[in-house]
Amino acid sequence: MFAASRSDSAPESAVELNSRVLSRPDFVRPTFDQVYAETFPAVWRTARRLGVVESAVDDVVQEVFVTVYRRLDQFEGRCALKTWVFGILMRVVNNYRRTRRRKGAGHATSSVVGDPDVVVDNGADPLELASRSEAGRILHELLEKLDESKAAVFVLAEIEGMSVPEIAEATDTNVNTVYSRLRAARKEFERALKQRALRREARDG
């Protein structure tokens, strides 16, 4: 008969809170626990998709959230919460790449074996996991053909569903540059996908 009040419903998520904050002048900062719960899965899988090797991904993600904890009082809701957290993620990943190169540890990043979503979903059906794992291998094989800046834009736009302005904010890049990189990345990705299909047809034919 009557709509449930906020106090009678489930606790407000960080994303919901952030959306409300952006439309209200009385800013209420989300707690660290809210931020962590809402963004951890996306941060983890994006770090992997950006090529952070498996042995380093936990350390990279931990550094992201240590930084979030330390800087949360600086978040004022001027951009989406996910955009703010991903800005931190991109800086941590870039630092990781520079450190790997400086140490001469081969490639600064590495392609992912399988899909990061498979790793964090232990309840899925085995056949579904196998299918998703194969799709993940194809995705990362193709992403590996893009340079780091294009791959980052492609992952954030096409996989994480971020808008170009949000990507520009997260990567500290001009909007026009993001548009240009995304167009180029899409073309290169489609070309690589077609080449892979042709190779498979030739092998199976």
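Going through (1) modelled with pLDDT under 90; (2) surrounded by 17 or more Cβ atoms within 10 Å (Cβ to Cβ); (3) out of contact with any Lys or Arg (no Cβ under 6 Å at 6 or more places or on another chain) one by one, L81 falls short only on (1). Taking every residue in region 76-94 that is within 19 Å of G161 (Cβ to Cβ) and pairing it with any residue that is among the acidic types (D, E), at least 6 positions away or on another chain, the pairs with Cβ-Cβ distances below 6 Å are C79/E169; T83/E166; T83/E169. The one condition from (1) at pLDDT 90 or above; (2) of a type in the set (D, E, K, R); (3) more than 15 Å from the chain's Cα centre (by Cα) that R91 does not meet is (3). Looking only at residues in region 52-72 that are in a helix (DSSP H, G or I) and either among the aliphatic types (A, V, I, L, M) or touching a Gly at 6+ places or on another chain (Cβ under 6 Å) (or both), the one that is surrounded by the most Cβ atoms within 10 Å (Cβ to Cβ) is V64. R97: basic (K, R), out of contact with any Cys (no Cβ under 7 Å at 6 or more places or on another chain) and either farther than 23 Å from E158 by Cβ or at pLDDT 90 or above (or both), yes or no? When the stated conditions are applied, R97 does not pass them. With a requirement of 2 or more residues that are closer than 17 Å to C79 by Cβ, the helices (runs of 4 or more DSSP H) lying completely within region 133-205 that satisfy it span 164-171, 175-204.
Just one of the listed residues (A192, A197) is touching a Lys or Arg at 6+ places or on another chain (Cβ under 6 Å), surrounded by fewer than 19 Cβ atoms within 10 Å (Cβ to Cβ) and modelled with pLDDT under 90, namely A192.
The values are calculated or read from the model by the stated rules, or taken from the named source; none is laboratory data. Just so it is clear, the structure is predicted and the values come from calculations on it, not from any experiment. Neighbour counts are summed over all protein chains in view; Cβ atoms, including those assigned to glycine, are modelled from backbone coordinates with ideal geometry.
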